[in-house]
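Here, each number is a calculation from the coordinates, and none is a lab measurement. Predicted, not measured: the structure shown is a model, and the values here were computed from it.
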């Protein structure tokens, strides 16, 4: 591994092409990997830094994935578990686009309602879950159908 310490700080190797997700709440990087479908069978380079000191967040996680892009659904899922995350798209070792995730006002089919009586959990009812964002920090969601509030995800 060619990661080095410079001026007492750990320097993580740059990637040529792919994505870098920064400002993930400490300890949540494995959940981001799950959203991205990255497991032991993934063949491209993945760098995970967990519990890294941060001036903005005290501690944070970082995930870098080579040769990977994100779709809107993945970005929305990341925004639920890491509402302060920043996504950097990288080409030829340069950041070509940078975007702070934004929790949408409505999440469709992303979060399952924990209420077993909710219509979204009935086998014979093909209804996708819809959650409205009640609060963004901390994240609090409300099921549109049964009005169950949830505040801790994953």
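Quick check: from the Cα gyration tensor, does segment 106-150 come out rounded (a/c under 1.5), prolate or oblate? Walk me through the numbers on the way to the answer.
On the way: a/c = 2.77, a/b = 1.98, b/c = 1.40.
Prolate.
Taking the C-alpha atoms only, the angle from helix 72-81 to the longest principal axis of the chain is near 90 degrees.
In nm, what is the difference between 0.36 nm times the number of residues separating residue 48 and residue 69 and their Cα-Cα distance? Show your work: numbers first, answer last.
Values: separation 21, 0.36 × 21 = 7.56 nm, distance 1.65 nm.
Contour length minus Cα-Cα distance gives 5.9 nm.
Measuring between their Cα centroids, segment 84-145 and segment 22-75 lie 17 Å from each other. With contacts taken as Cα pairs under 8 Å at a separation of at least 6 residues, the chain carries a relative contact order of 20 percent.
Quick one: compute the contact order of segment 11-100, relative version, from alpha carbon pairs under 8 angstrom and 6+ residues apart, as a percent. Intermediate results must be reported in sequence, preceding the final value.
Numbers: 167 pairs, mean separation 38.1, N = 90.
Across segment 11-100, relative contact order equals 42 percent.
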